[in-house]
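Since the structure comes first, as structure tokens, the remarks are kept for the end.
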Amino acid sequence: MITQKSVQEILETVKVEDIIQDFVTLKRRGVNMIGLCPFHNEKTPSFTVSPAKNIYKCFGCGAAGNAVKFLMEHENLSFPEALRYIANKYNIKIEEKEVSPEVLAERQRMDSLFIITQFARDFFSEQLFETDRGKSVGLSYFKQRGFREDIIRKFGLGYAPAKGDALTVTAKQNSYNIDLLKEVGLTSQYNRDFFRDRVMFTIHNLSGKVIGFGGRILQKDVKAPKYINSPETEIYNKSKVLYGAYFAKTAIRKQDECIMVEGYTDVISLHQDGIENVVASSGTSLTVEQILLVKRYTPNIKILYDGDKAGIKAALRGLDLVLAQDMNVKVVLLPDGEDPDSYLQSVGSAAFKEYLENEAKDFILFKTDLLLDDAGNDPIKRSEVIKDVVKSIAKVPDPIKRSLYVRECAKIVGVEEQLLVNESNKLVGKELKKRTEQQAKRKASRQQSDPNFPNPSDEPFFPTEEVGPGAMPVSPLEQKTKTLSGDEFQERDLARILVLFAEEIFDKEDQITVSQYLLGNLEDIIDDFDNALYKKIVHLCMERMANGESLERSFFVNHSDQDIQKFTIDMMSSPYEYSENWEKKWELFLHSQKMPDKNFIQDSLSSLKRFRLRKLKKMLERNQLKIKELSEGNDFEQAMIYMKLHQKIKSIHDDLAKEMGSVVL
């Protein structure tokens with residue numbers, strides 16, 4: 001394990017521009033450098049590198065981070081691997097500390113599993129290229145599919161020999177552990193090979209490590225499944241893996257779209273023809289984990305289907321999961337009798353791409369047309385279709401999208417828009433109630449173990465109530481933004497000042513820092529923060545200050561919590577710069593305030609006061625409701641106590657409002 005001292009030395013030494021210039025052409029623009037973003041496809045540069053702040057930020061796709069984050073995202077490296085890359089570049093000697101025997105043993109065991117699967121991949125490849133049976137059966141099959149040798153080697157295609165224990169015997173001869181072979185599903189409990197006489201497809205994880213295999217039988221009239229996959233193991237979970245994702249993720253980011261197909265050969269064939277943003281679900285229904293894997297790179301999915309209507313209908317049922325994750329789904333129906341591989345071979349790359357572009361239809365509209373076509377003029381069947389479509393629409397978290405879908409579907413099915421709105425509201429109301437109950441249970445469980453633990457919802461937001469006749473309902477997030485936008489803004493501003501200026505001197509005479517001033521004044525109202533991230537940042541700052549630890553900006557930029565790191569970099573970044581010519585050439589200066597990055601004292605004072613004022617206002621509103629409740633219950637003695645408290649809070653509120661120049665009503 002790399003010591004913290006070495007990690008710190010690496011982070012302090014690395015220059016973000018040195019690392020990024022190895023992969024991206026950068027040009028100087030003022031104090032920053034700019035280039036084409038490597039994470040999405042763009043013609044006008046929006047990828048900005050700030051040497052002074054040691055960060056990068058793309059104002060097109062939002063990608064941001066430090067040098068380590070860039071290597072992890074662009075080169076698919078783990079955190080330690082990225083650190084070693086930088087250390088090697090700067091000739092930094094890495095110190096490593098010993099870990100406990102138990103941790104070391106578990107790490108070695110996991111490494112061994114990957115070593116064994118890599119050995120199996122190499123074995124299958126050798127059998128394909130260097131044995132008579134492999135060449136005549138396996139290699140000829142792949143070449144009949146039109147695969148070039150470089151693509152065959154790139155994807156790790158191979159051949160499993162017919163002999164029942166060829167892999168197992170070879171592994172034992174090379175001193176591989178037979179128990180670990182069984183653990184990764186390569187050897188059965190009877191010491192026989194799991195894959196026999198099949199062409200092999202290697203399955204990789206997102207970092208490129210071999211985690212499993214798919215095998216296709218080539219013999220006809222054999223009572224055996226056409227395809228079999230590795231059984232689920234500690235390193236291979238089928239529901240969390242998409243075939244080809246390792247090779248596709250960079251292209252998915254650049255194209256801002258993921259093409260989803262069914263089979264291994266479809267992925268390889270499209271990739272070979274330059275369509276690299278393609279993955280496969282390998283014949284299984286899409287899972288939430290697979291959808292979220294795609295969402296890491298793009299919100300846009302295009303799914304390719306052949307002309308089999310029965311198969312399409314079965315597949316469509318699972319796509320509501322994609323809608324629930326706020327993804328944009330399009331469907332392309334290929335001509336009858338064609339799959340992506342065969343159609344590409346038939347028409348060629350250019351025509352295939354044009355077909356995908358022209359024939360792509362929005363999923364919900366595609367589903368509506370497909371089901372209505374089957375229902376014909378039967379009113380009962382048509383009503384069932386409408387209910388089915390509305391059920392899909394209700395899964396969409398974005399209220400604007402829902403509204404547009406309702407409007408379009410109402411036109412297609414020939415019913416009043418308001419009927420679909422009402423039906424949608426019923427469904428989302430039920431879903432909201434269910435999710436609210438689940439969230440309440442999780443919150444109670446978390447707070448029982450840690451009362452200070454914030455409880456951000458990890459579920460999609462659903463609509464709750466109508467905002468007017470004929471209108472689509474809005475999500476709880478939007479409602480919260482509308483009612484608490486001022487609080488959210490003040491909380492965000494306080495968090496911004498802490499991550500950017502915590503160590504700056506607030507009071508030179510007493511040598512008080514910005515963090516000491518803000519945190520000292522926030523301690524009694526920290527629980528009034530509504531936003532989980534901002535509350536987390538304030539808690540973190542309080543803990544580090546109490547322990548005498550640094551709150552330098554670099555601590556937040558390099559923080560392991562991705563939300564904190566992203567927030568900090570977003571706060572540090574701006575697509576605009578204050579031109580030096582205003583002062584040097586035109587002699588125009590800021591007179592009313594200091595430059596934004598030097599105005600932290602005034603920012604601290606005004607943000608804290610505004611935050612306190614809003615919280616006092618909310619206390620008054622709650623107190624007023626309590627007085628009303630007690631008065632209606634004839635508990636006048638308690639009501640008088642709350643009235644006195646109300647007057648005291650009101651006095652504090654008014655004094656603060658006058659100090660800030662606000663109007664007191």
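Observations on the model:
- Of LYS5/LYS27; LYS295/LYS395; LYS89/LYS295; LYS295/LYS367; LYS401/LYS617, those spanning more than 27 Å from alpha-carbon to alpha-carbon: LYS5/LYS27; LYS89/LYS295; LYS401/LYS617
- Once the Cα-Cα distance is subtracted from the 0.36 nm per residue extended length, the ASP122 to ARG28 segment shows a gain of 29.3 nm.
- Using a Förster distance of 35 Å, the FRET efficiency for ASN174-ASP18 (Cβ separation, nearest 0.05): 0.25
- Its Cα centre serving as origin, segment 245-420 has a Cβ charge dipole (Lys and Arg +1, Asp and Glu -1) of approximately 740 debye.
- Length added when fully stretched, LYS240-LEU104, from 0.36 nm per residue minus Cα-Cα: 46.3 nm
- For LYS302, distant residues with modelled amide H under 5 Å away: CYS258, ILE259, MET260, LYS330
- Extension gain from ASP530 to ILE2, taking 0.36 nm per residue of separation minus the Cα-Cα distance: 186.3 nm
- Nonlocal amide H pairs with TYR159, under 5 Å, H built at 1.01 Å: SER125, GLN127, LEU128, MET200
- LEU218 long-range amide H proximity, modeled H, under 5 Å: VAL199
- Reach of LYS143 by Cα under 17 Å, taken over lysines that are not fewer than 8 positions away in the same chain: LYS135, LYS154
- If R0 is taken as 56 Å, the Cβ-Cβ distance between GLU232 and GLU637 corresponds to a FRET efficiency of 0.25.
No lab work stands behind these numbers, since they all come straight from the coordinates. Computed from a predicted structure; not experimentally measured. Because the Cβ atoms are built from the backbone with ideal geometry, glycine has one as well, and the counts that use them run over all protein chains shown.
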